[in-house]
Structure formats: C-alpha cells, structure tokens
Amino acid sequence: MNENRDAGDNKEEVRARIVHAATQIFGRFGFKKTTVNDIAHFLRKGKSSIYYYFNSKEEIFEAVVNKEAHQFDEEINVLLESSENPREKLRKHVHLRMEMVNRLVNYFELLKNDDLTHLFFAEKVRKKYDTQEVLIIKRIIKEGIDKGVFNVKDVELSALGIATALKGLEVPLLSYHRNAEETSIMIDDMLDILFYGIVIREQ
C-alpha cells in the first residue's frame, strides 16, 4: 500500500477533505498566493500525500471551483422552482447572486480575475456561467410573460441586457465594503429602475 494513503479512509473521502481545506485556504489567500504546502500544512499532512490525490495545485483549485459552482446551481434551482411571483423571483435571484459573489469566493475569483484565464479549465467554467445566467433570466422573464407580470418584446435581448447590467454592478456593489443593508438597498433601487424606469408617467 502506498505510504501516502490515509489508512482506512476511502479515497473520495480524503479528496473531499482536501477540497474542503483548500476552499478555505484559496478563499483566504487567493489562487496565486496559495501553495500546496499551505494546504498540506492546514491538514497536517506531507505535501507528497496531497499529490497522491491531486496532480497539481490547479487540479485542486478546479475541484474547489466545481464544488462551489454546484452549490451555486443548487441554490439557484431552488429559487427557480419556487412559486414566487416572477417579479419577486427576479429580485431574489439578483440578491442571491450578489450574496454568492461574497460567499463562493473561489468560483467568482475564477470568473472575475483575468489573471486566472491561463488555467486550463477557466474558459469552460466562464462560458458555462455566462450562458447559464442568461438562461436563468430568460426563464424568469418567460414565466412573467405567461403570468401577465412582464411586458417584454424581445426576451433574448432583455435577458442579455439584464445579465450584462448585473455584471457591471458587481464591482460597485461589492468593492466598497458596504454592509448587507446598504447593498440590499442599492440592488432594490436598481431593480426598481429596471421594473418601473425613472420617468414619472402622466396619469
């Protein structure tokens, strides 16, 4: 038996423990500053034992990102399957998405940090996220049209526009250390403009 293996432990269980630890280390120091030694030290293992389960730091980071991406998908799907009014569903989607930018830091670091585009899996993850974001918003818009809540001429263009606007909001919403209440107010103001516009309509 290889001396690097954890006696009595299932390989997938050990991999899961490594990914759990790496999630915290990468989240604290970022991908570039984190080393395999850091992860091994956190787990009180030798570096060689980490390499028994993963071939490289990049492979560990990929596992961390995939884990957080799966968590993102699960939480979004719960919202999509809910019986909320489509307008409230869109509002909650935006709030949840912005909350996850802070919570799933490794996933969103890969999505937003251009210094990580060299990673072999980065383009695939980014394309999937961009496509998924538009599809989620399209689904909510179509539901709103069916229920008479939204009046949208071009669903595809509207979904793309909203998704693009959300990307542009991430930096100002999350980079200035606002508290949760301030961030929530800013998101709601943006959504009110989206839903109602800024022009006072004549009665």
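The values are calculated or read from the model by the stated rules, or taken from the named source; none is laboratory data. This one's a predicted model, so the numbers in the text were calculated from it and none came from an experiment. Glycine gets a Cβ as well: all are built from the backbone with ideal geometry, and neighbour counts include every protein chain shown. Side chains included, ligands, DNA and RNA excluded: accessible areas come from the protein's heavy atoms. Shrake-Rupley method; radii C 1.70, N 1.55, O 1.52, S 1.80 Å.
Structure notes:
- Just the protein heavy atoms count here, and of the accessible area of the chain at 1.4 Å, carbon and sulfur take up 51 percent.
- Region 10-134 has equivalent-ellipsoid semi-axes of 30, 15, 12 Å, by the square roots of 5 times the alpha carbon gyration tensor eigenvalues, sorted largest first.
- Calculated from backbone phi, Karplus (6.51, -1.76, 1.60) coupling profile of region 83-90 in Hz, x at Gly/Pro: 9, 4, 4, x, 5, 5, 5, 5
- Site pair Val152 and Thr164 shows an inter-label distance of 1.5 nm when each label is modelled 7 Å from Cα along Cα→Cβ.
- Inter-site label distance for Arg28 and Asp130 at 7 Å from Cα along Cβ, in nm: 3.4
- Charge tally in the Cβ shell below 14 Å around Ser158, where Lys, Arg are +1 and Asp, Glu are -1, Ser158 excluded: +1
- Residue-normalised accessible area of the chain, given per residue in Å² at a 1.4 Å probe: 60
- Qualifying trypsin sites (Lys or Arg not before Pro) for region 16-91 [loop in DSSP, other Cβ within 10 Å: at most 12]: Arg44
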